[in-house]
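Take a look at the structure below.
None of the figures in this text is laboratory data; all of them are computed from the coordinates on show. What you are looking at is a predicted structure, and each value in this text was computed from that prediction instead of being measured. Positions of Cβ are generated from backbone atoms using ideal geometry, with glycine treated the same way; all protein chains shown enter the neighbour counts.
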Amino acid sequence: MSTITDTNAGGHAHDHAHGAGHGGGHGGGHGHHGSYLTPIGGFWSEIWRWATTIDHKKIGLMYLVAVLFMFFLGGMAAIAVRLELWEPTRTVQVTSTQPVLDENGQPRLGEDGQPLTETVTRTQVTGQLWAVSDVQGENNNMYNRIFTLHGAIMVFMVIIPSVPAALANFFLPLMLGAKDVAFPRLNLLSFYIYAIGSMFAVTSILFGGVDTGWTFYTPYSTTTDADHWRVAIMVLAAFTLGFSSILTGLNFIVT
């Protein structure tokens, strides 16, 4: 009886240990494979964790957020273009100061010897985007710059990277049964190259502006800018965005 009792006790002990092992293993497994969206630190540590992640799902979400932001920016430019075309002209009152001229066309001087000036108000017919000006104070070419911004964003920063960079980053490794893409760090580098190219493009259009259209065809793209540096920056942005897509594509092929 004592032997049977000892055996049963040992069996029960073994069962308890086996159950505890399974429970601990499953619990540890679930804890280790928690949701990739679960925060594990403070705000800044969480920002740093996302900024340095090599998880393909997180990188895919980062691409998605960036593409949606650029889509929103390009959509706002499209709305501005449609507003301009809805009523292309409007009448505005323009006030300017100009010198008073004598009968010979020379500036008339006052008693203090300084040229006399007068304020003139005139009516001008212009477009809806006339009141929008860039950092240089120019507003005559804003329509061209706005539709260039819209076209460049939608082609280079939304259409090209949206499906392969955002969706494929998230779903391709899962569909293949892989833990991640072949080169996770290269995948993160591709995202930052995309972000840098987007900043180059938006900056070159807004600050001084490129009004050539998103194709940048010559000869207009080589004659519209005296120094050609704005068009050069835009072309650099296009090459940078293309380089990001090439690295992403190579990563997927190897995966």
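Report the calculated FRET efficiency for Phe216 and Asn104 (r = Cβ-Cβ distance, R0 = 45 Å), to the nearest 0.05. Intermediate values should be presented prior to the final figure.
Values: r = 49 Å, r/R0 = 1.08.
In this case the efficiency is close to 0.40.
If packing is taken as the average count of other Cβ atoms within 10 Å, what order do 240-250, 104-114 fall into, highest mean first?
Details: 240-250: 17.9, 104-114: 9.0.
Most protected by this proxy first, the peptides run 240-250, 104-114.
Mind checking the full-extension length gain between Ala182 and Thr203? Use 0.36 nm per residue of separation minus the Cα-Cα distance, one decimal, nm. Each step should come with its number before you reach the end.
Working: separation 21, 0.36 × 21 = 7.56 nm, distance 3.32 nm.
Working it through step by step, the gained length comes to 4.2 nm.
Taking 0.36 nm per residue of separation and subtracting the Cα-Cα distance, what length does fully extending Val120 through Trp44 add? Mind showing how you got there, number by number?
Details: separation 76, 0.36 × 76 = 27.36 nm, distance 5.62 nm.
Contour length minus Cα-Cα distance gives 21.7 nm.
With 10 angstrom as the radius, rank Asp55, Asp102 by how many other C-beta atoms surround their C-beta, starting from the fewest. Display every interim value, and only then the final one.
On the way: Asp55 18, Asp102 10.
The most exposed by this proxy come first: Asp102, Asp55.
If amide H atoms are built 1.01 Å from N in the plane of the peptide, which residues on other chains or at least 5 residues away come under 5 Å of the amide H of Leu101?
Residues meeting the amide H criterion: Arg108.
From the backbone phi of the range 239-244, what are the Karplus-calculated ³J(HN,Hα) couplings (6.51 cos²θ - 1.76 cosθ + 1.60, θ = phi - 60°) in whole Hz, Gly and Pro given as x?
Taking θ as phi minus 60°, the curve returns 5, 5, 5, x, 5, 4 Hz for the range 239-244.
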